[in-house]
Amino acid sequence: MGLDDRDALLVLRDAVDPQRGSDALIRDFYTHWFATDLSARDLFPPDMDRQRNIFATTMTWLFGELIAQRAEEPVAFLAQLGRDHRKYGVTEHHYDTMRDALYTTLRTHLDANWNQRLAETAHDVVALVIGVMRGAADAEQSPAYCDGTVIEHNKVTRDVSVIRLQLDQPLFYHPGQYVTVQVPQWPRRWRYLSPAIPADRSGGIEFHVRSVTGGMVSTAIVAETRPGDRWRMSSPHGAMQVDRGGEDVLMVAGSTGLAPLRTLIMDMTLHGVNPRVHLFFGGRYPCDLYDLKTLWQIAATNPWLSVTPVSEYSSDPPWAADYPDVQPPRGLHVRQTGRLPEVVTRYGNWGDRQILICGGPEMVTATKSALIDKGAPAERIQHDPLTD
């Protein structure tokens with residue numbers, strides 16, 4: 001039965017599910033792959049913990065979609081994964097050795113339950129994963145990655161930097177999308193960043209980066225980035241968007257989660273007619289609302305945009321003297337105090353809006369839950385994948 005055998009797919013899903021103790025299987029898969037193909041090890045960072053977790057989570061989701069007989073989204077995801085993996089230098093040989101290592105590891109760990117049905121299903125799933133990724137990579141004609149030079153680094157709060165680059169060639173992306181970025185301080189450790197301006201034909205691009213406690217890459221970017229540094233970025237991902245012919249819009253941004261929403265708003269200013277947009281921009285302290293001046297300037301000349309600043313605390317700590325609170329121009333919204341989910345839902349459930357939420361995983365999850373609890377339909381809410 002292969003891909004139609006839901007019982008076999010369920011066994012395979014449980015085997016790779018990190019919530020069911022798949023650590024040993026995932027670790028053995030990479031160990032076997034690297035032992036049979038030494039060049040594959042060079043594709044990954046020295047610390048494999050995060051990579052193993054991402055792989056296990058992805059495979060669990062993939063098996064779940066196949067069990068539900070939903071093939072369209074997994075195939076599209078695998079195709080994008082194949083196109084994106086070109087940036088690592090993945091070759092035809094790597095796909096072959098990965099296929100063999102994955103199938104062998106599944107068979108070894110499921111030896112007690114292994115039978116013809118399980119073997120056929122495992123073979124077909126592995127063939128699907130490798131085949132779609134390889135085929136999409138082979139068919140893609142665009143460059144595997146784009147390099148650029150840092151031309152400006154502005155530290156706008158204690159832990160947030162605005163970094164501008166000039167790319168060697170323009171990178172085209174839709175407003176609201178994100179890219180994976182590699183910086184010289186941490187080779188082979190790619191991180192997701194959202195451009196904060198629409199695609200620029202001259203090759204300019206801007207990122208807003210917050211230093212996360214315990215985050216090696218984000219901390220290095222904020223603390224160590226210098227003009228002249230060379231960054232590398234992949235093709236864009238994501239489908240967050242505003243339907244300009246649809247309902248009015250609620251946007252909720254926590255800290256540098258502002259970047260993709262800012263890009264969407266800037267793109268909307270290029271059009272004569274837009275739905276109304278209400279943006280809540282939140283931070284811990286008033287001084288963390290680093291880009292209010294830009295937002296208020298846009299709102300002052302675009303009556304469809306309203307901006308409400310939100311801070312958890314009403315005043316700044318002593319160290320914030322270098323990052324003064326920005327006062328609103330006359331006639332625009334004054335700052336609200338409280339947590340974003342609470343402040344946003346004070347105004348109602350926003351159930352008649354297109355809803356876009358961007359920020360850290362905890363904020364996104366809490367805000368989404370608060371809106372749904374108030375009655376907002378879950379299908380109206382958009383956000384990027386929740387990664388830290």
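The values are calculated or read from the model by the stated rules, or taken from the named source; none is laboratory data. Just so we're clear, the structure is a prediction, and the values are computed from it rather than from any experiment. Backbone-built Cβ (ideal geometry, glycine too); neighbour counts: all protein chains shown. What goes into the accessible areas is simple: the full protein's heavy atoms, side chains included, and nothing from ligands, DNA or RNA. Shrake-Rupley method; radii C 1.70, N 1.55, O 1.52, S 1.80 Å.
Of the residues GLY283, GLY272, the single one that is surrounded by 14 or more Cβ atoms within 10 Å (Cβ to Cβ) and among the small types (Gly, Ala, Ser) is GLY283.
As for the stretch 362-374, it holds no residue that is surrounded by fewer than 20 Cβ atoms within 10 Å (Cβ to Cβ) and outside any helix (DSSP H, G or I). Entry remark, the stretch 175-220: residues being in contact (Cβ under 8 Å) with a residue 40 or more places away in the chain, among the hydroxyl-bearing types (Ser, Thr, Tyr) and outside any strand (DSSP E or B) number 2 in total. From the list PHE63, PHE44, exactly one residue is within 22 Å of the chain's Cα centre (by Cα) and not in a helix (DSSP H, G or I). Which is it? Just a single option satisfies the conditions, and that option is PHE44. Inside the stretch 192-211, residues that are within 15 Å of the chain's Cα centre (by Cα) and surrounded by fewer than 19 Cβ atoms within 10 Å (Cβ to Cβ) make up a count of 1.
Is it the case that some residue within the stretch 136-145 is open to solvent by less than 60 Å² (accessible area, probe 1.4 Å) and in a helix (DSSP H, G or I)? Yes; the residues of the stretch 136-145 include at least one that is open to solvent by less than 60 Å² (accessible area, probe 1.4 Å) and in a helix (DSSP H, G or I). One residue stands out among those in the stretch 287-326 that are of a type in the set (Val, Ile, Thr), within 26 Å of GLU342 (Cβ to Cβ) and open to solvent by 30 Å² or more (accessible area, probe 1.4 Å): the one that is farthest from the chain's Cα centre (by Cα), which is VAL326.
A search for C-beta distances below 7 Å between a residue of the stretch 290-307 that is under 20 Å from VAL242 (Cα atoms) and any residue that is part of a helix (DSSP H, G or I) and open to solvent by 20 Å² or more (accessible area, probe 1.4 Å), counting only pairs 6+ apart in sequence or on different chains, returns LEU305/ILE298.
Selection of the stretch 348-361 for residues being within 18 Å of GLU312 (Cβ to Cβ), touching a residue at least 60 places away in the same chain (Cβ under 8 Å) and surrounded by fewer than 20 Cβ atoms within 10 Å (Cβ to Cβ) yields only GLY360. Listed by first and then second residue, the pairs with beta-carbon distance under 6 Å, at least 6 apart or on different chains, first residue in the stretch 1-25 and at positive phi, second open to solvent by less than 10 Å² (accessible area, probe 1.4 Å), are GLY2/THR121. Within the stretch 158-191, being open to solvent by 40 Å² or more (accessible area, probe 1.4 Å), closer than 17 Å to SER142 by Cα and among the aromatic types (Phe, Trp, Tyr) holds for one residue alone: PHE172.
So which residues in the stretch 375-388 are at pLDDT below 90 and open to solvent by less than 50 Å² (accessible area, probe 1.4 Å)? Matches in the stretch 375-388: ASP384 only.
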